[in-house]
Amino acid sequence: MKFKTTPYHHDLLKDHDRLAVFYQAIQEYDSGTDLAYDLGCGSGVLSYFLSSKFKEIKSLEIDRKTFNCARENLADFDNVEVINSDVLDYNFTKKADLIVCEMLDTALVDEEEIPVLNHAKKFLKEDGIIIPQGVINTVELANIERDYVHWDEGVKYEILSDEVVYSELNFLQDINPEFKISLNLQAKKEGILNGLKITTYTKLTDDIIAGPLPMLNPPLLIPLEEKKIKVNEFINVEIKYIMGNGIESIETKYL
Ligand SMILES: C[S@@+](CC[C@H](N)C(=O)[O-])C[C@H]1O[C@@H](n2cnc3c(N)ncnc32)[C@H](O)[C@@H]1O
C-alpha cells in the first residue's frame with residue numbers, strides 16, 4: 001500500500017524494523033476482535049495493520065496535515081474512523097480491547113505517551129491490552145562531546161560503566177509523569193566523566209522487545225558536571241525529568 005505522508009512520517013515509515021515489531025505484536029489478535037484505538041495515528045500505518053484484525057478502529061491524530069494524510073490513506077477501510085483531535089481532549093465513549101500508542105521517545109520525556117495513556121486507559125476493557133506494553137530504561141556513565149542534551153544519531157562518546165536498568169514501566173499501571181531517582185553507578189574505566197547515556201527498550205508484548213532503532217528511541221546523551229573518575233569508583237547521581245514535558249525538563253546532579 002502507498003502512503004501519503006509528511007516528511008517526518010515518511011522517515012517513520014522507512015524504519016522497517018520499527019514497523020515490523022508493531023506488525024508482529026498486532027498479528028497476535030484474532031480477526032473480528034471488537035474495538036482498537038490507535039492514538040497518534042500519524043500516516044495511519046498501524047491502523048492499516050489493525051484493520052484486518054478489528055471490527056472497529058478509531059484513529060486519533062492531533063496534527064491537521066497528518067490527519068488529512070491518514071484520512072486519505074485509510075479511506076477504503078470502512079472499519080477505520082480517523083479523527084482530528086488531541087487525545088487529551090477526546091471524549092471517549094466506548095471501552096476498547098486494545099490501545100496502540102506510538103508516541104514513544106527515549107525515557108518517554110519528549111512525547112506525550114504517559115499523559116495520553118493515563119487519560120485513555122480508562123477506556124480500556126478490564127482484560128484489554130496496550131501496545132507497547134511498557135518500556136525498560138537503562139543508564140551508563142559516559143564521556144560525551146556536547147554540553148547539551150542530545151540524541152545519539154551518530155555522535156561520538158565513550159562509555160565508562162556497565163549498563164544498569166534504572167526503571168521499568170508497565171503502561172497498564174498509573175504512572176506518575178514526574179520521575180526522580182538516585183543511583184550509585186560503578187565506573188569500570190578511569191576517565192573524564194561528563195555525561196550519562198540513557199537507553200530505552202520497548203516492550204511491545206511479553207515476547208517482543210525492541211532496542212533503539214533510527215526512528216524509535218535513539219539513546220539520549222545528557223551532560224553532567226565534569227569529574228575525573230577512577231576504576232571501580234562509585235558515582236552517586238540523581239536523574240529527574242517530567243515525562244511529556246520535553247528534554248528541557250531533564251535535570252542531573254551528583255549527590
Ligand atoms: C511517533 S508518531 C507515530 C505515528 C504513527 N502511529 C506511526 O507509528 O507511524 C506520533 C504521532 O502522535 C501524534 N500526537 C502527538 N501527541 C498527540 C496527542 N496528544 N493527541 C493526538 N495525537 C498526538 C503526532 O502528531 C504524531 O503524528
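The values are calculated or read from the model by the stated rules, or taken from the named source; none is laboratory data. Being a predicted model, the structure only gives us computed values, none of them experimental. For neighbour counting, all protein chains shown are included, and Cβ atoms are generated from backbone atoms with ideal geometry for every residue, glycine included. Accessible surface areas use protein heavy atoms only, side chains included; no ligands, DNA or RNA. Shrake-Rupley method; radii C 1.70, N 1.55, O 1.52, S 1.80 Å.
Amide H of Ile235: which non-local residues (sequence gap of 5 or more, or other chain) have their own amide H closer than 5 Å, using H built in the peptide plane?
Those lying under 5 Å, H to H, from Ile235 are Leu185, Gln186, Ala187.
Check Met243: other-chain or 5+ apart residues with amide H under 5 Å from its amide H, H built from backbone geometry?
For Met243, the qualifying residues are Glu178, Phe179.
Accessible area of Arg146, 1.4 Å probe, to the nearest 10 Å²?
100
Name the residues of the stretch 146-172 whose amide N is less than 12 Å from a point 7 angstrom out from the Cα of Leu255 along the C-beta direction?
none
Using the Kyte-Doolittle scale, which helices in the chain average at least -0.5 and also have C-alpha atoms spread 15 Å or more along the helix axis, with helices defined as whole DSSP H runs?
16-27
Which percent of the Cα-Cα distances in the stretch 1-97 go past 18 Å?
Looking at the stretch 1-97, the distances longer than 18 Å represent 43 percent of pairs.
If you count the DSSP beta bridges with both ends in the chain, what percent of them are antiparallel, to the nearest 5?
In the chain, approximately 70 percent of DSSP beta bridges are antiparallel ones.
If you average 1/r across every pair of different Cα atoms in the stretch 135-254 and take the reciprocal, what Kirkwood value do you get, in Å?
15.0
What number, in nm² with one decimal, is the all-direction average of the projected area of the convex hull of the alpha-carbon atoms of the stretch 53-95?
Mean shadow area of the hull around the Cα atoms is 3.4 nm².
From the protein chains alone at 1.4 Å, what is the descending order of accessible area for Thr138, Thr5, largest first?
Thr5, Thr138
Gaussian network model of the chain, Cα springs within a sub-10 Å range: biggest mean-square fluctuation belongs to which of Asp38, Asp89, Asp174?
Taking springs between Cα atoms under 10 Å, the residue moving most is Asp89.
For the chain, take N as its residue count and report Rg(C-alpha) divided by 2.2 N^0.38 Å.
The reported ratio for this selection is 1.09.
For the chain, what % of the accessible area comes from carbon and sulfur atoms, probe 1.4 Å?
Using a 1.4 Å probe with all protein chains present, the chain comes out at 46 percent carbon and sulfur.
Please compare each pair in Lys4/Lys122; Lys65/Lys125; Lys121/Lys253; Lys189/Lys227; Lys14/Lys125 to a cut-off of 24 Å on the Cα-Cα distance and tell me which ones are over it.
Among Lys4/Lys122; Lys65/Lys125; Lys121/Lys253; Lys189/Lys227; Lys14/Lys125, the Cα-Cα distance tops 24 Å for Lys4/Lys122; Lys65/Lys125; Lys121/Lys253; Lys14/Lys125.
Which value in nm describes the separation of the simple spin-label points at Asn176 and His10, placed 7 Å from the Cα toward the beta carbon?
Each label point is offset 7 Å from its Cα along the Cβ direction, giving 4.4 nm.
Short version: ³J(HN,Hα) in whole Hz for each residue of the stretch 141-147, in order, from phi by Karplus 6.51 cos²θ - 1.76 cosθ + 1.60 (θ = phi - 60°), x for Gly and Pro, what are they?
Working through the residues one at a time gives 6, 8, 10, 10, 9, 10, 9 Hz.
Going by amide H atoms built from the backbone, whose H comes under 5 Å of the H on Ser167, apart from near neighbours?
It is Asn137, by chain and number.
What list of ³J(HN,Hα) couplings, whole Hz, do you get for the stretch 43-52 from phi and the Karplus terms 6.51, -1.76, 1.60, once you set θ to phi - 60° and write x for glycine and proline?
Couplings: 5, x, 4, 6, 5, 4, 4, 6, 5, 8 Hz.
Return the distance in nm (one decimal) between the two label points of a simple spin-label model at Glu145 and Asn245, each offset 7 Å from Cα along Cα→Cβ.
3.2
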